[in-house]
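**Student:** I'd like to ask you about the structure that follows.
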Amino acid sequence: MTGAAGAVLRRAVIAALVALSALAGSVHHGAAQDAPAQVPAGQGAGTPPAAAPASGTTVVVSKGSGRSTGPDYAAWERLAERAENLLANPDTETRGLDLLRSQLVAQRADFLAAQNTNSTRIATLRDQIAALGPAPPEGETEAAEITQRRQELADQLVRLQAPVLAAEEAFRRADGLIGEVDRALREREANRLLQLWPSPLNPANWPEAVVALGDVTVRLWTETTTRWTRGDGQQALFDNLPLIVLLGLLGLALVTKTRRMAQAIAARLPRPKTQRGRRVVALLTSTAQVVLPTLGAVALAEAILATGLTGLVGAALANALAGVVFTLVAANWLGQAIFPVEDGDEVSTLLVDERRAEGRFLAGSLGLALGVEAVRQVLVVEVGGSDTANAVLAFPVLATTAVLTFRMGQLLRRHVRSVQQGDEALSFGLRVLGLLARGVMLTSVAGVLLGAIGYLAAATALVYPSVISLGLVAVLFVLQRFVADLYGLVMRSDAADQEGLIPVLIGFAMALASLPLFAVIWGARWADITELWQRFLQGFQIGATRVSPTDFLLFAIIFGVGYMFTRLLQGALKTSVLPRTNLDQGGQNAVVSGIGYLGIFLAALIAINSAGIDLSGLAIVAGALSVGIGFGLQNIVSNFVSGIILLIERPVSEGDWIEVGNVQGTVRSISVRSTRIQTFDRSDVIVPNADLVTQRVTNWTRFNLTGRLIVPVTVVLGTDTRKVERILREIADAQPLAVLNPPPVVAFMGFGAEWMNFEMRIILRDLNFSLQVRSEINHRIVERFAQEAIEMPGAKKAEAVAEMAAALAAEVTADVAPAIMGQTQPSHKKPRSYRKGAKDASAEARDPTERQEDT
């Protein structure tokens, strides 16, 4: 029983792998591989296509040395010549080219590693030679010891560089041979896709397909009866009968009772309180509908194989059973996840129940079609058959799959259109879904037409990848929704939905990770993907230095550490060190900013040197960049240099009250390119640093807060000037913010036609309160002038205007009232008093000099 249990586990893994390969075979191989493979000339049927050593590198270990030699170039030469001969032979089969390519890739990896041989020692020798200086020009001499030492070092350098140069040459050759193999494989794939088979719509070809089906049935019956009559099948059946019954019952229970088991598991789990929690639990429990039937199919397959009555065809079908069942249950599970039965989902709210039911039916039908195609591929590989029979048998399954896929595309387009009809704009995911729906509809129509003509390989390469791509997109959608719900549960926030940053980033990462899968689905080989990855790992050349992704990773890590250290140092200086110095706030901010710029620059420089990036190869780029700076970026560079000047000279600091141009406010921050000024209206104005350096700037509070306040005062001509001066001086002296040394000054500034001008000049301790002080002084002036009966200009004019308005109102009332009573008509002629008052007001409104001239 122990050996049987081990065989069960081993065969379970094999069954899963065979199932996946059967599904992928419908995409990559198609119907063109139904025919027997060609064997190269000169080789037998059982001879490998290209015998080669198990490893292209021979390691020789010397006794006591513990060191190994480099690649075996003699073995490599034999492999390279054999590769060139196989590439020149058009009859070499595809499996031989695949094997040859794997050997060449292994050799290329060895040569790439050998290029770093003695790299440290070579670098040291170059530094030693550089320390000795260049050789003297012709006609000059140097010390013989220096010449001899330089020659010895040069000889050592040549010897150490010889293995590196040989590895580089072999690497180039291996890389070229791999490219030739890939080109040959792509040409064969193109020829396979363009192969024209007999048309499956021709009724003359149908009898041959019926005969092929009969051959399969006869082959199965013959294998079974042969093993039964020989006796070995009977013996295996009776010996393994308990295991067969156990596996059969277990498999049938898992396949048929899955839904009930999943419901029982869900009922035993505690019900979450939130909607997200319920969705997470429902999704996890629903995966049992995929896992349990697949395990049941594995158990049934093992039960069938344990009978000992299966031959090659029966064993192949048994091994494919798990894959077929997995395809069916996975398709049904995706259909229920994308088109749920209950409302409340993103798709369910836009599709009616009938459409969602149709979506579930289409998903299950597509899974069934893929399962049937997988079975057909297995039979084609094991039984074979003519091209005519294979074309006729493949076309019905292909046409059915194309019709179902076309209808699924229509359903998805209807979902996108329903969103477009609403007020919401289409998201990027919905736009991609709309393009995908139109794409699968197009490939379905093209696949049916090509298959009907006879291009079965091309039709297969269009239809089945479309179905699998839809399935992969559905898996990504379910996973992204699951990640969003799980993130919401972890964060315990209803706002952490699918539009949150973290779920979107995770979904984007999953989409990027799925790109290789999409490429493989649509015909790319894993060898092509690994080749692209190898090219990516090799990096690119900058001057004499090759930069690889590991160098970028090292650069990012070192720069990140330097950046974090710089921020920590800035924080320590700002909060702990600088407040204990005599520097003002502006100086402290300047020191912190300078440390930040210097730290970032040093972090970048150390990261570049640690990554081994040689910037000397960027001299041309730097020259072109300097020209661009001179023409197009001069303003930015000017602002940058001005920002550095502001940080060093500090004519303006944070917190200063400045006035530049027509902008006046408080400096809030000084960055590299610009300065942010907050006006007294609480609005921010971004001023380029160049304006603060090149234009006139008034800094009211740079070195101290004291400043002068000027308050103009006007009184009527004829007022006692000494009395006015005394009152204004008393008001100025009474201000608490006024500086007594020097004392406030009250100046008699001059005369007007009807007034006299005075000015109060006061030095304030804090100029930031100038507005409040001015307002308080004005209030006190009005109060004292009223107490001392001192008139201000405009008072008499205001009284005259008020009297004129009252007279006009009385006269208009006297004219209008009789008209309303029906006695007289109102006069439209202006009253004489009105004209006189208007004339007097006009005369007073004129300029005083004009009035004096009139007088």
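The values are calculated or read from the model by the stated rules, or taken from the named source; none is laboratory data. This is a predicted model, so every value here is computed, not measured. Neighbour counts run over all protein chains shown; Cβ positions are idealised from the backbone, glycine included. Surface accessibility is based on the protein's heavy atoms, side chains included, excluding ligands, DNA and RNA. Shrake-Rupley method; radii C 1.70, N 1.55, O 1.52, S 1.80 Å.
**Student:** Tell me which residues, restricted to segment 549-598, are open to solvent by less than 60 Å² (accessible area, probe 1.4 Å), β-branched (Val, Ile, Thr) and closer than 30 Å to Leu537 by Cα.
**Tutor:** Matches in segment 549-598: Ile558 only.
**Student:** Can you tell me which residue is farthest from Ala458 (Cα to Cα) among those in segment 375-424 that are open to solvent by 20 Å² or more (accessible area, probe 1.4 Å) and touching a Lys or Arg at 6+ places or on another chain (Cβ under 8 Å)?
**Tutor:** Arg414
**Student:** Separate question: Could you tell me which of the residues Thr120, Thr124 is over 41 Å from the mean Cα position of the chain (by Cα), in a helix (DSSP H, G or I) and either of a type in the set (Ser, Thr, Tyr) or modelled with pLDDT under 85 (or both)?
**Tutor:** On inspection, the qualifying residue turns out to be Thr124.
**Student:** What is the one condition in (1) at pLDDT 75 or above; (2) in contact with a Lys or Arg (Cβ under 8 Å, 6 or more places away or on another chain) that Ala363 does not satisfy?
**Tutor:** Looking at each condition in turn, Ala363 falls short on (2).
**Student:** Looking at (1) out of contact with any Pro (no Cβ under 8 Å at 6 or more places or on another chain); (2) open to solvent by 50 Å² or more (accessible area, probe 1.4 Å), which is the one condition that is false for Trp197?
**Tutor:** All conditions are met except number (2).
**Student:** May I ask you to list pairs of residues, at least six apart or on different chains, whose Cβ atoms are under 8 Å apart, with the first in segment 769-794 being in contact (Cβ under 8 Å) with a residue 12 or more places away in the chain and the second being of a type in the set (Gly, Ala, Ser) and in a helix (DSSP H, G or I)?
**Tutor:** Ile777/Ala732
**Student:** Among the numbered conditions (1) modelled with pLDDT under 90; (2) under 24 Å from Asp584 (Cβ atoms); (3) crowded, with 16+ Cβ neighbours inside 10 Å, tell me where Thr719 comes up short.
**Tutor:** (2)
Okay, residues lined up against (1) modelled with pLDDT under 90; (2) out of contact with any helix residue (DSSP H, G or I) (no Cβ under 7 Å at 6 or more places or on another chain); (3) closer than 26 Å to Arg101 by Cβ; (4) of a type outside the set (A, V, I, L, M, F, W, C):
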position	(1), (2), (3), (4)
Arg150	yes, no, no, yes
Asp155	no, yes, no, yes
Gln161	yes, no, no, yes
Ala170	no, no, yes, no
Leu177	no, no, yes, no
Glu180	no, no, yes, yes
Ala190	yes, yes, yes, no
Leu193	yes, no, yes, no
Trp197	yes, no, no, no
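**Student:** Considering each residue of segment 127-143, count those that are open to solvent by less than 70 Å² (accessible area, probe 1.4 Å) and not in a loop (DSSP other than H, G, I, E, B), and give that number.
**Tutor:** Qualifying residue count for the region: 3.
**Student:** Tell me which of these Pro272 doesn't satisfy, since it passes every other one: (1) part of a helix (DSSP H, G or I); (2) surrounded by fewer than 17 Cβ atoms within 10 Å (Cβ to Cβ); (3) out of contact with any Ser or Thr (no Cβ under 8 Å at 6 or more places or on another chain).
**Tutor:** (1)
**Student:** A further question on this structure: Being touching a Ser or Thr at 6+ places or on another chain (Cβ under 7 Å) and either at positive phi or open to solvent by 50 Å² or more (accessible area, probe 1.4 Å) (or both), is that true of even one residue in segment 107-123?
**Tutor:** Checked against the condition, which is being touching a Ser or Thr at 6+ places or on another chain (Cβ under 7 Å) and either at positive phi or open to solvent by 50 Å² or more (accessible area, probe 1.4 Å) (or both), segment 107-123 yields at least one hit.
**Student:** Which residues, taken from segment 679-707, are of a type in the set (S, T, N, Q), assigned to a strand (DSSP E or B) and open to solvent by less than 40 Å² (accessible area, probe 1.4 Å)?
**Tutor:** Correct list: Thr679 only.
**Student:** Taking segment 695-745 as the region of interest, how many residues are without any contact (Cβ under 8 Å) to a residue 40 or more places away in the chain and either of a type in the set (A, V, I, L, M) or under 30 Å from Val663 (Cβ atoms) (or both)?
**Tutor:** 10
**Student:** From the set of residues in segment 740-756 that are touching a Ser or Thr at 6+ places or on another chain (Cβ under 9 Å) and surrounded by 15 or more Cβ atoms within 10 Å (Cβ to Cβ), which is farthest from Leu709 (Cα to Cα)?
**Tutor:** Among those that are touching a Ser or Thr at 6+ places or on another chain (Cβ under 9 Å) and surrounded by 15 or more Cβ atoms within 10 Å (Cβ to Cβ), it is Trp755.
**Student:** Checking the structure you have, find out if any residue of segment 243-263 is open to solvent by less than 60 Å² (accessible area, probe 1.4 Å) and without any contact (Cβ under 8 Å) to a residue 24 or more places away in the chain.
**Tutor:** No, every residue in segment 243-263 fails to be open to solvent by less than 60 Å² (accessible area, probe 1.4 Å) and without any contact (Cβ under 8 Å) to a residue 24 or more places away in the chain.
**Student:** Quick one: which residue in Ile710, Ile762 is open to solvent by 40 Å² or more (accessible area, probe 1.4 Å), assigned to a strand (DSSP E or B) and at pLDDT 85 or above?
**Tutor:** Ile710
**Student:** Within segment 193-210, is even one residue at positive phi and free of Cβ contacts under 8 Å to residues at least 60 places away in the same chain?
**Tutor:** no
**Student:** Moving on to the next point. Has segment 652-660 got at least one residue that is among the hydrophobic types (A, V, I, L, M, F, W, C), open to solvent by less than 60 Å² (accessible area, probe 1.4 Å) and at pLDDT 90 or above?
**Tutor:** For segment 652-660, residues among the hydrophobic types (A, V, I, L, M, F, W, C), open to solvent by less than 60 Å² (accessible area, probe 1.4 Å) and at pLDDT 90 or above: absent.
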